[in-house]
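The values are calculated or read from the model by the stated rules, or taken from the named source; none is laboratory data. Remember, predicted model here, so these are calculated numbers, not experimental data. In this analysis, Cβ positions are derived from the backbone assuming ideal geometry, glycine residues included, and neighbour counts consider all displayed protein chains. For the accessible areas, the whole protein counts, side chains as well, though only heavy atoms, and no ligand, DNA or RNA atoms are used. Shrake-Rupley method; radii C 1.70, N 1.55, O 1.52, S 1.80 Å.
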Amino acid sequence: MTKQTRFSTQEHLSVVFEIYQLVPHHFKTTTKEIRNQLIERDIHRDTRTIQRNLNVLVELNLIEKDDRSKPYGYQNRLHHHAIPPRDALIFQLANEHFIHLTPASLLKALQNRFEDARRSLSSIASTTKERQWLKKISSQLPHQTHEENFQKINTALYHNHWLTLHLHETAALYVMPLGLIHHHSKIELVIGQYINEQLETQIIAIEHINAVSVSTFTFEYPSTFNVKTHWKNKITNTIKEETP
């Protein structure tokens, strides 16, 4: 086996493994849905290639194929012993509490796992500790009323694209998105601009943004900036100012 053939085989097996990971345990998925999630993982394969790989997994008895109607449905054969309750609880909490603090593309790539977790928890007794835990906590994250704006901000922040923000009764701002902060049941955006070669920052609540435009231009994220440190320093300075 040549070196090139070995790498080709390894790449093929890697893609097959990625496809297998995307086949859910508690419900059926389709070739199209798997292809979309592969694209989110920056893996580009045509529909026929994915179908061939799915058929290989079917022949190995790793997944089931429902061909009674089109599109065909695929499901993991181990769905009865899928996600342990504790793992399912963690996935469920992650989906509910960090949905607005995680890049949308990553959430889409994990969509099947989140749904598996939800169905896995709903299938166990309501008296189990994992099911009871969901009744003992409440998320403070708000529902985003401007979901389209938020998704644009989310994408620009993840890929370091410049943003144009249109605010209430304020001139449009052309800024660098630097981070998101969850504070007092609000999601706030940290933005930055270079003024006289100095990085100047500002915090704006998402709800105060009327419209968002994502530029095709990217910027180099400031290597010295950290949103956690920035917020900690802001809180410290506020306390000092309020202290007599």
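Brief remarks follow.
- Residue in the stretch 11-30 that is at pLDDT below 85, part of a loop (DSSP other than H, G, I, E, B) and loosely packed, with under 11 Cβ neighbours inside 10 Å present: no
- Pairs where the first residue, in the stretch 72-90, is under 17 Å from Asn61 (Cβ atoms) and modelled with pLDDT of 80 or more and the second is open to solvent by less than 50 Å² (accessible area, probe 1.4 Å) and in a helix (DSSP H, G or I), C-beta under 6 Å, 6+ apart: Tyr74/Leu54
- A residue that is modelled with pLDDT of 85 or more, part of a strand (DSSP E or B) and either of a type outside the set (Ser, Thr, Tyr) or open to solvent by 80 Å² or more (accessible area, probe 1.4 Å) (or both) can be found somewhere in the stretch 218-230.
- Test result for Leu157, at pLDDT below 90, under 23 Å from Glu40 (Cα atoms) and hydrophobic (A, V, I, L, M, F, W, C): no
- Selected residue [of a type in the set (Lys, Arg), modelled with pLDDT under 80 and over 30 Å from Glu207 (Cα atoms)] from Arg6, Arg35, Arg52, Arg48: Arg6
- Members of the stretch 173-187 found to be at pLDDT below 90 and open to solvent by 30 Å² or more (accessible area, probe 1.4 Å), listed by number: Leu180, His182, His183, His184, Ser185, Lys186
- Which numbered condition Ala205 misses (of (1) at pLDDT 85 or above; (2) open to solvent by 40 Å² or more (accessible area, probe 1.4 Å)): (2)
- When restricted to residues that are in contact (Cβ under 8 Å) with a residue 12 or more places away in the chain and closer than 14 Å to Thr30 by Cα, the stretch 59-71 contains 4.
- Members of the stretch 204-214 that are closer than 14 Å to Leu163 by Cα, of a type in the set (A, V, I, L, M, F, W, C) and assigned to a strand (DSSP E or B): Ile204, Ile209, Ala211, Val212, Val214
- Contacts under 8 angstrom Cβ, first residue in the stretch 146-162 being closer than 12 Å to Ala104 by Cα and of a type in the set (A, V, I, L, M), partner open to solvent by 60 Å² or more (accessible area, probe 1.4 Å) and modelled with pLDDT of 90 or more, 6 or more apart: Ala156/Val214
- Some residue of the stretch 111-131 being open to solvent by 70 Å² or more (accessible area, probe 1.4 Å), charged (D, E, K, R) and at pLDDT below 75: no
- Of all residue pairs spaced 6 or more apart or on separate chains, those with beta-carbon atoms under 7 Å, a first member in the stretch 216-229 that is over 11 Å from Pro177 (Cβ atoms) and a second member that is assigned to a loop (DSSP other than H, G, I, E, B) are Thr218/Asn160.
- Residue match in the stretch 42-57 (condition: open to solvent by 40 Å² or more (accessible area, probe 1.4 Å) and closer than 20 Å to Asp116 by Cβ): no
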